[in-house]
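The values are calculated or read from the model by the stated rules, or taken from the named source; none is laboratory data. Nothing here was measured: the structure is a model prediction, and the numbers come from that model. We place every Cβ from the backbone using ideal geometry, glycine too, and count neighbours over all the protein chains shown. Just so you know, the surface numbers come from the protein's heavy atoms only, side chains and all, with ligands and any DNA or RNA stripped out. Shrake-Rupley method; radii C 1.70, N 1.55, O 1.52, S 1.80 Å.
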Amino acid sequence: MRKIQVLGAGCSKCRTLAANAEQAVTDAGVEGEVVKVQEIADILAFDGVRALPALAVDGEVKACGRVLSPDEIRKLIG
């Protein structure tokens, strides 16, 4: 099971990224869980976060500073 973590403070971009991640999991047909990480201390524990929102897959930061589309996320988790 893949663990997709959306890192952000809950702004509209973070919520959009979370929704896109949920859609990507559904579209890819993979078993996955989307988790929102909103506490700054928890976000800073991820190596490589330079801007928010950010997306991590299984604990590894894959993108930060922009909202990925469901297709872009599907490629990362597929």
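Brief remarks on what is shown
- Scanning the range 1-13 for residues that are out of contact with any helix residue (DSSP H, G or I) (no Cβ under 7 Å at 6 or more places or on another chain) and buried (at least 20 other Cβ atoms within 10 Å of the Cβ) turns up just one, Gln5.
- Single unsatisfied condition, Ala51 versus (1) within 12 Å of the chain's Cα centre (by Cα); (2) on the phi < 0 side of the Ramachandran plot; (3) not basic (Lys, Arg): (1)
- Among the residues making up the range 14-52, a single one is free of Cβ contacts under 8 Å to residues at least 40 places away in the same chain, open to solvent by less than 60 Å² (accessible area, probe 1.4 Å) and either closer than 11 Å to Ile77 by Cα or of a type outside the set (A, V, I, L, M, F, W, C) (or both): Gly48.
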